[in-house]
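For reference, the structure discussed in these notes is given below.
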Amino acid sequence: MIKLEGIYKDYRQGKNDVKVLKGIDLQVREGEYVAIMGPSGSGKSTLMNIIGALDRPTSGSYFLDGEDVSKLEDDELASIRNKKIGFIFQTFNLLPRMTAQRNVELPLVYGGYKPSIRKKMAMEALDRVGLTDRSHHRPNEMSGGQRQRVAIARALVVNPRILFADEPTGNLDTQTGEDILALFRRLNDDGSTVVMVTHEHDVAQHSRRIVHIRDGLIWSDETIPEDKRAHVQ
């Protein structure tokens, strides 16, 4: 599903070019649950932005479902993101004046769906994360865990090929974080491909595979045996 070949990424800083990614080769198969780990400044967030079609590599190729998206124009990248990728962020990124249902509907608004279809799909997505009873509540009327579930429902509503989660438990207490990770496990068991960025080893242990990034290079790539994965409550 995901294939990166010789990915380099440089940023201009004053008169100097800062090399962030230095030749990344990576493949993610459909149905995998992959955690990308690395210390601050390792390049993991830059890699995530490229895989999520939020940024382009300086050089190299990125194939998503066989299509080289690294060469697409901005509007084509936006279409890819809206149809194939669901994003979950540490800070939830919910609109405060909208209800949970309306927040979940947002990708469908951009996709041109009719209001009646949007509502049906949004309620189905909220049901998948166990939150139909909070559909008419605004973010400030919900706990952090509930807000993250709304964000996950919003990511799921277009039935994306891939779910990208960037430090999804970073703003949650330990038990709530465990609940969210259990939800990711269930979604993956149901067939969703999950790619998660985290700096916490305990969080990464919930995945099936851990890719370690250091100094812009893949340092290690290990599969987690089922009996070694973190326990799900």
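Between Asp127 and Asp68, the simple spin-label model (points 7 angstrom out along Cα→Cβ) gives 4.3 nm. Secondary structure note: in the chain, about 55% of the DSSP beta bridges are antiparallel.
Subtracting the Cα-Cα distance of His231 and Glu200 from 0.36 nm times their residue separation leaves 9.6 nm of extension gain.
Size check on the range 56-118: the Cα extents along the three principal axes, sorted descending, read 41, 28, 18 Å. Cα-Cα pairs above 29 Å in the chain: how many percent? So the portion of pairs separated by more than 29 Å is 28 percent. Panel order for Thr198, Thr99, by other beta carbons found within 10 Å of each beta carbon, from fewest to most: Thr99, Thr198.
Restricting the GluC sites (Glu not before Pro) of the range 193-233 to loop positions (DSSP other than H, G, I, E, B) with no more than 14 neighbouring Cβ atoms within 10 Å leaves Glu200.
Compactness of the range 118-228 was expressed as the Cα radius of gyration divided by 2.2 N^0.38 Å, which yields 1.15. Look at Ile224, Ile24 and count the other Cβ atoms within 10 Å of each Cβ; fewest to most, that gives Ile224, Ile24. Here is the list for the range 36-80: GluC sites (Glu not before Pro) lying in DSSP coil, each with at most 15 other C-beta atoms within 10 angstrom of its C-beta, are Glu73.
Here the Karplus curve 6.51 cos²θ - 1.76 cosθ + 1.60, taken at θ = phi - 60°, turns the phi angles of the range 12-18 into couplings of 7, 10, x, 9, 10, 9, 9 Hz, with x standing for Gly and Pro. Relative contact order for the chain: 27 percent, from Cα pairs under 8 Å spaced at least 6 residues apart, divided by residue count. Annotation: peptides 152-163, 49-60, ranked by per-residue average of other Cβ atoms within 10 Å with the highest first, follow the order 152-163, 49-60.
Stretching the chain fully between Val109 and Ser40 yields a gain of 21.3 nm (0.36 nm per residue, less the alpha carbon separation). Between the Cα long axis of helix 144-156 and the first principal axis of the chain there is an angle of about 70°, rounded to the nearest 10. Restricting the calculation to Cα atoms, the range 39-91 yields a radius of gyration followed by a Dmax of 11.6, 32 Å. Net charge in the neighbourhood of Asp75 (other residues with Cβ under 13 Å of its Cβ; Lys, Arg +1, Asp, Glu -1) is -1.
No value in this document is a laboratory result; all are computed from the given coordinates. Source: prediction; values computed, not measured. Positions of Cβ are backbone-derived with ideal geometry, glycine not excepted, and every protein chain shown enters the neighbour counts.
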